[in-house]
1. List the equivalent ellipsoid semi-axes of region 104-152 in whole Å, largest first, each obtained as the square root of 5λ for an eigenvalue λ of the Cα gyration tensor.
2. Rounded if a/c is under 1.5, else prolate if a/b beats b/c, else oblate: with a ≥ b ≥ c from the C-alpha gyration tensor eigenvalues square-rooted, which is region 79-162?
3. Describe numerically, in nm with one decimal, the distance between label points set 7 Å from Cα along Cα→Cβ at H97 and at E142.
4. What are the residues whose amide H is under 5 Å from the amide H of C83, where those residues sit 5 or more places off or on another chain and H is modelled from the backbone?
5. Would you mind checking which residues have amide H under 5 Å from S126's amide H? H placed 1.01 Å from N; only 5 or more apart, or other chain.
6. In nm, give the distance between the simple-model label positions of D160 and S126, each being 7 Å from the Cα along the Cα-to-Cβ direction.
7. For region 68-155, report the accessible area per residue in Å² (1.4 Å probe, heavy atoms, rounded to an integer).
8. Once fully extended, how much extra length lies between T133 and E30, figured as 0.36 nm per residue of separation less the alpha-carbon to alpha-carbon distance?
Amino acid sequence: MRDMFPFGKFPYHKYMDQFLKQMNTTGMDEHTQNLLSSAFSGSMSDFFKNHDFFRSVQDSGSSSAPPLSRKLDSHVFETLDQCIVQIKIPDKSILQHLKIFHTPYQCIIEWFDGEPHREEIRLPSSVRRKGTTAIYRSGILEIKMPKHSHMPMSEIDVHDHD
């Protein structure tokens, strides 16, 4: 702890040394050993089932997870001046119920096929507000978004204090 302060001048180092010498760590060690031995005495699945925290995470994750069929099969890549999102849509009739939005860093797809669906696709770089095009061809929806080329830049002055 003394090394954290400049020039080794930790103001309370005398008191800290005394405190560390007087501290009884055997109680903490015994508690940790008991916890680990109870955790690993049975199988790991029993441990996860018997603790409320893990049970609540398991229950909430299984009930709210959407079926895999609802997830879009998408591919995102970028060129020098565009971010491109390609989505496989084999059924052309879905295009009638499809809405596409984007923010500078996400492409949002909403559609309705009996129930509403929404998917947010993260973009690898910032895109501009205008100039986005979407084309459906051969079962693939291709969304091209022009990159935001003028990123604000600030110069940082370096001061020499030697």
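The values are calculated or read from the model by the stated rules, or taken from the named source; none is laboratory data. What you are looking at is a predicted structure, and each value in this text was computed from that prediction instead of being measured. Cβ atoms come from the backbone with ideal geometry, glycine included; neighbour counts cover every protein chain shown. Please note that ligands, DNA and RNA were not included when accessible areas were found on the heavy atoms of the full protein model with its side chains. Shrake-Rupley method; radii C 1.70, N 1.55, O 1.52, S 1.80 Å.
1. With the √(5λ) rule applied to region 104-152, the semi-axes are 24, 14, 8 Å.
2. On the way: a/c = 3.95, a/b = 2.73, b/c = 1.45.
Since a/c reaches 1.5 and a/b is larger than b/c, the shape of region 79-162 is classed as prolate.
3. 2.7 nm
4. Long-range HN contacts for C83: M145, K147.
5. H148
6. Label at D160, label at S126, 3.3 nm between them.
7. Per residue, region 68-155 has an accessible area of 73 Å².
8. Details: separation 103, 0.36 × 103 = 37.08 nm, distance 6.42 nm.
My answer for the length gained is 30.7 nm.
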